[in-house]
Each structure stands twice: as C-alpha cells, then as structure tokens.
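Have a look at the structure below, then the notes.
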Amino acid sequence: MTTNQEDLAHAAKKLQLLYEELDEAKYNRPPAPEVSTQGANQQKGPSEPFPIWTLSDDAHFTELLNEYCTDAARYIPLTGEIYTHGFQRNGTRMCHWIAWNAGPISQLDVAPLMLEELNHQIRELDHKLRRTRPPEPIDKPQEVWLTARTICYKLRQQGHNVSPELLRKWTERGKVESKVNRHGQVTYPIRNIIQLLEN
C-alpha cells in the first residue's frame, strides 16, 4: 500500500514551518530587566534566557525523524548539501528533503510511518508553540441576522410581544436595518431589536 505523496509533501512543508518557528523560539530571549541602582549585587538579566522545552523537544523530535529519513535515504540518492553534510538532525533540513522527495518516498515501506510521525509532530509542536506566539486580536462579535419569524419566536420566549408587521414598520421608519440573505429571506439584526425594546 503506497502513501499519498501529496499528503507526505504537505505534512513535511507544514512541519518545516513549525521547525523554523521552534528555532526562533529557542533563540528569542525575553528582554532583560531595567538596570537598577539599588541592590547592585543582585543578578542581572533574565533568570531563564529561553524556554528549555524548545531544546528538549527539538532533540527528541529530530532524533525520531532522523531515523525515518536515514531509512528512506538508503533507497533515494542524496544530493547537494545533504549528500555533503548529511541530515545533521536538523528538522528544517529533513522536512525540506522529505517534501522534495515525496514521490519516491511514498513508494517505500517507511512512508506510512513517516507520515504518521510528521502529523504527530505537527500536532505536538503547534500545541507547544502556541504559548510563544503573540496573542491574537479579539474580533468584534459578529452581528446575528435572523428572519422575522425566528426573532418574534425568541422575543416571545423573553416576554416581548413583537410581530413581523411591527418589524417591517420599524424598518420603514429607519429604526431597524434589514437585509435579504442568500436564501431570499428578509433578515434583521436581533441585537438592534433588543436594544430598541430596552429603550
């Protein structure tokens, strides 16, 4: 049974990016604290210059990946830098080689195990690298647009007596917006209507 070469190449490229991010996390040092004139004998600089887990994970994962690459390299001729210097347990270099040779590797017995290992490392490294990434900006909450019938039903449950006719009148007077959805139904922003009822 052969492994899909596109799956292998895609996984290798994705993992290569994560290894590059891991390399950055290894050497990205937090800023040193400001120099203080008081307590001059105190130790200066960060107590932990880089996250230790980045080194241990890199060593662990590249060791496993190196075994699969070395096994595959017995059947696929090495070229360029890898021919000269070998894989050197460099995650980025190994992933690049796997992606470049995904076709011939996919025919080997080691391919399913290699793909499984690539996907495992993608999950693990992505999860661990989340803590080194800057927080993502919080988007504004999306406005919810519903049909008149749905809005009237929801509002009736909350004790408000609103009819589709009343919604149409509010729209005509410019109190409430409306728009037609992709199914051709007129919809209204429910938050806007709740604010109108509360006022």
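Looking only at residues in the range 172-199 that are open to solvent by 40 Å² or more (accessible area, probe 1.4 Å) and β-branched (V, I, T), which one is nearest to the chain's Cα centre (by Cα)?
V180
Answer yes or no as to whether L155 is buried (at least 16 other Cβ atoms within 10 Å of the Cβ), assigned to a helix (DSSP H, G or I) and at negative phi. Give the steps one after another, and end with the answer.
Numbers: buried (at least 16 other Cβ atoms within 10 Å of the Cβ): yes; assigned to a helix (DSSP H, G or I): yes; at negative phi: yes.
The answer is yes for L155.
Given the criteria assigned to a helix (DSSP H, G or I) and within 16 Å of D23 (Cα to Cα), does H120 qualify?
Working: assigned to a helix (DSSP H, G or I): yes; within 16 Å of D23 (Cα to Cα): no.
No: the conditions fail for H120.
Kindly evaluate T132 against the criterion of being surrounded by 13 or more Cβ atoms within 10 Å (Cβ to Cβ), of a type in the set (S, T, N, Q) and at pLDDT 85 or above.
Answer is no for this residue.
Please find, within the range 87-109, the residue that is farthest from L8 (Cα to Cα) out of those that are among the aliphatic types (A, V, I, L, M) and open to solvent by less than 10 Å² (accessible area, probe 1.4 Å).
M94
The values are calculated or read from the model by the stated rules, or taken from the named source; none is laboratory data. Since this is a predicted model, take the numbers as computed values, not measurements. Positions of Cβ are generated from backbone atoms using ideal geometry, with glycine treated the same way; all protein chains shown enter the neighbour counts. Side chains are part of the model used for accessible areas, which takes the heavy atoms of the whole protein and leaves out ligands, DNA and RNA. Shrake-Rupley method; radii C 1.70, N 1.55, O 1.52, S 1.80 Å.
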